[in-house]
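Asks: After the structure tokens below, expect a handful of questions from me.
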Amino acid sequence: MSALDKFHNKAMEVAFFADQERRRGNEKRATKLFEQALELELKALDEITEPVEPTYSILHRSAGWLALDCNKPRLAEQLACKALAGEPYPKIAKELRDLLVKTYARMHGKPKGAAVTETADD
């Protein structure tokens with residue numbers, strides 16, 4: 001197993017435990033675990049020497065969601081945009097755009113789950 005796979009698999013394991021803590025109401029512990037998961041996923045991204053799809057965009061999507069879980073919407077935006085600048089598979093591109101919608105809602109102070117609508121001024 002490559003270092004990339006090891007970092008990614010560990011990140012997903014830690015994120016699973018973070019989600020469990022969040023569901024139990026242990027937000028402080030959940031945040032620490034999400035931060036650890038994000039750090040691991042960013043290490044996995046550092047292992048990429050050439051952007052090969054779908055691995056490249058999947059890791060960016062994953063790291064982006066983790067960044068949002070850590071309340072780092074600017075980092076989530078950067079990760080999603082970086083992957084979208086390439087040629088992600090259509091399904092993954094849609095998921096990256098969904099991440100951007102949630103990220104922009106967070107950046108503009110809308111609560112989680114609030115509908116985001118476009119206006120003529122946007």
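Asks: Take the conditions buried (at least 16 other Cβ atoms within 10 Å of the Cβ), more than 24 Å from Met1 (Cα to Cα) and not acidic (Asp, Glu) and apply them to Ala37. Does it pass?
Replies: Answer is no for this residue.
Asks: Just one of Lys43, Lys6, Lys32 is among the basic types (Lys, Arg) and within 12 Å of Asp69 (Cα to Cα); which is it?
Replies: Lys32
Asks: For Ala44, are the conditions met, namely being touching a residue at least 40 places away in the same chain (Cβ under 8 Å), part of a helix (DSSP H, G or I) and within 16 Å of the chain's Cα centre (by Cα)?
Replies: For Ala44, the condition - touching a residue at least 40 places away in the same chain (Cβ under 8 Å), part of a helix (DSSP H, G or I) and within 16 Å of the chain's Cα centre (by Cα) - is met.
We did not get these values from a lab; they are worked out from the coordinates using the rules stated. Since the structure is predicted, the reported quantities are computational estimates derived from the model, not experimental observations. Quick reminder, even Gly has a Cβ in these numbers, built from the backbone with ideal geometry, and neighbours come from all protein chains shown.
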